[in-house]
Amino acid sequence: MSQSASPRPTACLALADGTVFYGNGFGATGQTVAELCFNTAMTGYQEIMTDPSYAGQIVTFTFPHIGNVGVTPDDDETADPVAAGMVVKWDPTAPSNWRATAPLTDWLTRRGRIAIGGVDTRRLTRAIRQQGVPHVTLAHDPEGNFDIAALVAAARAFPGLEGVDLARDVTCAQSYRWDEMRWSWPEGYLRQTEARHRVVAVDYGAKRNILRCLASAGCEVTVLPATATAEDVLAHAPDGVFLSNGPGDPAATGDYAVPMIREVMDRDLPVFGICLGHQMLALALGAQTIKMNHGHHGANHPVKDLETGKVEITSMNHGFAVDGQSLPAGVTETHVSLFDGSNCGIRVAGRPVYSVQYHPEASPGPQDSYYLFERFAADMAARKAARAG
């Protein structure tokens, strides 16, 4: 008695070294070429896919249950997904959550993002850890027709992210005001109506929840494009300047961001940076950045505050890092990763200028790091009080 043939795979992931993973395609059809990373978070796949810091990357999720809570517009960190695609262990199931407005598969299809399920993500993650982030081609064809040689060649031709400024691609086209605060039960997102501080947020790829945290800390937020000059920033008479997260090589973005940051710092304003903003601040202060082997991507990264001894559980998403050995005199390393000792925070001695590599707005702890937004607000209040006195 003959056996029926196994169904043909409808998606494949081709690595530049010639390794190919087959699986079940969902979401959009076609193909995309990008850098491949892995993320260890157990929740937040929609926030991850819409985080602008993932521009130029395909995300492998190490947690197998991706898609089981569906999607909701409330969880978008920007208007559309920015990550190029996703790789998962198990195919998404029908959503089971009262907040869901659509299945993940439909959302990806509408937003033009390719995904593959049925992949041995443990094997793939081990390869990334051992060999570094590979360049890959992800293809989805419902008929299962793949030109593997062409897919591998496309992956090999991908130039990578080193030396690439991606902030220009994901930043806002023009300035805007932000007054939406953090989500709370049962009201949802409330509006900031009693702001005490004027903040200019420079958008290198800002997540909405960072802006919400600033608003919740009492800030009236004006968001400016990544290419804003110091004159543009100072024209808003800010009480403080925020440098946002974002994608790409910080050294490339620094070509235009560093001169602006240095001039703003000359005005003795409080400055607070997160992720790429942290790296931009470090470069402006004279430090250097380096490309990491496989980066930090997840919601379970322990970081030690060297000034207090406190350990925070943080959310991270970065493939580049500040070289802690390159920090100049007068700049203190304030936080380090307990996974590998890499730099996760800096502070300028005697000045309200500081930044962190991780994402304090992402609530992995869940509230371990909110104090940073409160510190920023307190520094702006102290500066205004000193000037008034």
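The values are calculated or read from the model by the stated rules, or taken from the named source; none is laboratory data. Keep in mind it's a predicted model, so treat the numbers as computed, not measured. In this analysis, Cβ positions are derived from the backbone assuming ideal geometry, glycine residues included, and neighbour counts consider all displayed protein chains. Ligands, DNA and RNA are excluded from the accessible area calculation, which covers all protein heavy atoms including side chains. Shrake-Rupley method; radii C 1.70, N 1.55, O 1.52, S 1.80 Å.
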Length released on extending from Glu231 to Asp120, taking residue separation times 0.36 nm less the Cα-Cα span: 34.8 nm
Of Ala149, Ala284, Ala173, the most mobile residue in a GNM of the chain (C-alpha springs, cutoff 10 Å) is Ala149
Note the angle between two axes, namely the Cα long axis of helix 148-157 and the longest principal axis of the Cα atoms of the chain, as a number of degrees from 0 to 90, rounded to the nearest 10. 20 degrees
Full extension from Val311 to Arg168: what is 0.36 nm times the residue separation minus their Cα-Cα distance, to one decimal in nm? 48.1 nm
Going by Cα centres, region 215-270 and region 332-355 are how many Å apart? 19 Å
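Which chymotrypsin sites (Phe, Trp or Tyr not before Pro) does region 289-389 hold that lie in a coil by DSSP with at most 16 other beta carbons within 10 Å?
Phe339
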Give the cross-link partners of Lys89 among the aspartates and glutamates, using a straight C-alpha distance below 20 Å as the criterion and excluding same-chain residues fewer than 8 apart. Glu35, Glu47, Asp106, Asp120, Asp141
Region 1-112 shape via C-alpha gyration tensor axes, a/c threshold 1.5: oblate
Note down the magnitude of the dipole of region 175-321 about its Cα centre, charges +1 on Lys and Arg C-beta and -1 on Asp and Glu C-beta and zero elsewhere, to the nearest 20 debye. 400 debye
Beta bridge orientation in the chain: antiparallel %, DSSP, nearest 5: 60 percent
Mind grabbing the accessible area of Ser216 for me, 1.4 Å probe, Å², rounded to tens? 50 Å²
Neighbourhood charge, 14 Å Cβ-Cβ cut-off, centred on Pro366 and excluding it, Lys, Arg +1 and Asp, Glu -1: -3
How would region 65-192 be classified by its alpha-carbon gyration tensor: rounded, prolate or oblate, with rounded meaning a/c under 1.5 and the a/b versus b/c comparison settling the rest? oblate
Taking the structure as given and computing semi-axes √(5λ) of the Cα gyration tensor in Å, which label from (i) 32, 28, 21; (ii) 38, 22, 18; (iii) 38, 28, 18 fits? (ii)
Net charge over other residues, Cβ less than 9 angstrom from the Cβ of Thr62 (K, R count +1; D, E count -1): +2
Using the alpha-carbon centroid of each, what span in Å lies between region 105-169 and region 43-78? 15 Å
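Arrange the peptides 111-118, 51-58, 126-133 so that the one whose residues have, on average, the most other Cβ atoms within 10 Å appears first.
Result, highest mean Cβ count within 10 Å first: 51-58, 111-118, 126-133.
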Of all stretches in the chain that avoid GluC sites (Glu not before Pro) placed in a DSSP loop and having at most 15 other Cβ atoms within 10 Å, the longest is 1-142
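At 222 nm, what helix-only mean residue ellipticity would the chain give, in deg cm²/dmol to the nearest 500, using -39500 (n - 2.57) for each DSSP H run of four or more?
Taken over the chain, the calculation gives -7000 deg cm²/dmol.
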Based on DSSP, what percent of beta bridges with both residues in region 225-377 are antiparallel, to the nearest 5? 75 percent
How much of the DSSP beta bridge set in region 1-150 is antiparallel, as a percent to the nearest 5? 65 percent
Taking the Cα-to-Cβ direction at Phe158 and at Ser184 and moving 7 Å from each Cα, how far apart do the two end points lie in nm? 4.3 nm
Give the carbon-plus-sulfur fraction of the accessible surface of the chain in %, rounded to a whole number; probe 1.4 Å, heavy atoms of protein chains only. 48 percent
Note, ³J(HN,Hα) from phi for region 37-54, Karplus 6.51, -1.76, 1.60, rounded to Hz, x at Gly and Pro: 10, 10, 10, 9, 5, 8, 9, x, 4, 5, 4, 5, 5, 9, 6, x, 5, 8
